[in-house]
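Novice: One structure coming up, written as structure tokens, with questions to follow.
The values are calculated or read from the model by the stated rules, or taken from the named source; none is laboratory data. Here the structure is a predicted model, which means the values were calculated and not measured. Note that we place each Cβ from the backbone using ideal geometry, even for glycine, and neighbour counts take in every protein chain shown. Side chains included, ligands, DNA and RNA excluded: accessible areas come from the protein's heavy atoms. Shrake-Rupley method; radii C 1.70, N 1.55, O 1.52, S 1.80 Å.
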Amino acid sequence: MATEKCTLIPEQLFDSQEAFIAHVKRFAVENGFNVRLDDVERDKGGVIRKRDIVCSSEGAPRGKDAKREESPGRSDNESVDAVTTPKSVAHSGAHRRKSMKTGCRWLARASRQPSG
């Protein structure tokens, strides 16, 4: 007995945000790519009214110089010294891997329907 292939259909309805996310993740896995949660819009009460899920390769890769310059929390006068800075190798930037960003524009968006 074969399992039915997961599909995404425009205007498809889901019972909850969790059901939507699970369905999109299953669709992505079955089609050979990964996804990540992206933008979210909330109403005044903090309830999510719109959720975007994008391909994990969405976005443009950054160059080597951009990574260093845009690094948060580091001023131009600070330097990184592996001997005096108590950081693990995983967080020191010593082993940077190539960006997986390819500019993919795949997007799944869900909007909460008014009750009633």
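Novice: May I ask you to list the residues in segment 24-45 that are open to solvent by 40 Å² or more (accessible area, probe 1.4 Å), aliphatic (A, V, I, L, M) and assigned to a helix (DSSP H, G or I)?
Specialist: Correct list: 29 only.
Novice: Then there's this: Just one of 21, 48, 9 is open to solvent by 60 Å² or more (accessible area, probe 1.4 Å), farther than 19 Å from residue 100 by Cβ and either in contact (Cβ under 8 Å) with a residue 60 or more places away in the chain or among the hydrophobic types (A, V, I, L, M, F, W, C) (or both); which is it? Walk me through it before giving the result.
Specialist: Working: 21 fails: open to solvent by 60 Å² or more (accessible area, probe 1.4 Å); 48 fails: open to solvent by 60 Å² or more (accessible area, probe 1.4 Å).
Exactly one residue qualifies, and that residue is 9.
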